[in-house]
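J.: There's a structure below that I have some questions on.
The values are calculated or read from the model by the stated rules, or taken from the named source; none is laboratory data. What you see is a predicted model; the values in this text were computed from it and never measured. Here Cβ is always computed from backbone atoms with ideal geometry, including for glycine, and neighbour counts include all displayed protein chains. Just the protein is used for accessible areas: all its heavy atoms, side chains included, with ligands, DNA and RNA removed. Shrake-Rupley method; radii C 1.70, N 1.55, O 1.52, S 1.80 Å.
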Amino acid sequence: MARDTDWEKVRAEYELGATQSELSRKYGVSRKAIQKHIAKELWMRDVGVEIDKLTEAKVAQVAPGCDPEKRAAALAAAADAKAAILIRQRADWDRFRTKLEAAGSFDELKSCKITAETMRLMHEGECRAWGIAERKLEAQLDGGKEVKVQHEVSPQVSGLLDALKQKPAETAKENTHDEAGSQTAVRDSEE
């Protein structure tokens, strides 16, 4: 029976996480034969998935084989913690939208842009740290077709952006700094 063993299949299952004992029973070969193939052909296991599962269990404070009620309570607590982060992040963006809609000048819009970029970086880092899956905001797959998400902009913000686009180059020449770092106004030399 060992002569008919499909060692490629055995190797594939081993590398996906099957134990030597499981493979020995399933294919009717000795563990020693499996160990020889592992050593000779340098079979490698991808233990990343197993490590990820164990890490998540430890973070959620769930021990393998623990009481089902304790496990459910620990998983619920971990889910609540992640949900609280997402709820807070959504509230951050709601407050930001209010600030953006109230912006009335170029400097206020510039401040909003800096705030948005900083907040995005903080939220991305926090999501990575908590293992919260990233969400694609700009595109979603719908039956294999890419669909662009439309973002609404309030009429006030739209008007401010249009006004900024139409302003002449003097807006760009507002202020500069001299070598000592003090602020000085830029003057056109029309002499």
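J.: Per residue, how much accessible area does the range 34-107 have with a 1.4 Å probe, in Å²?
T.: Value returned for the range 34-107: 76 Å² of accessible area per residue.
J.: How would you rank 80-86, 7-13, highest first, on the average number of other Cβ atoms within 10 Å across their residues?
T.: Final packing ranking: 7-13, 80-86.
J.: Carbon and sulfur: what percent of the range 1-135's accessible surface (1.4 Å probe)?
T.: Values: 5810 of 10130 Å².
Exposed carbon and sulfur together represent 57 percent of the surface.
J.: For residue 76 and residue 120 in one chain, what is 0.36 nm times their gap in residues minus the Cα-Cα distance, to one decimal in nm?
T.: 13.1 nm
J.: Give me the net charge of residue 22's neighbourhood, meaning all other residues with Cβ under 11 Å from the Cβ of residue 22; Lys, Arg count +1, Asp, Glu -1.
T.: +2
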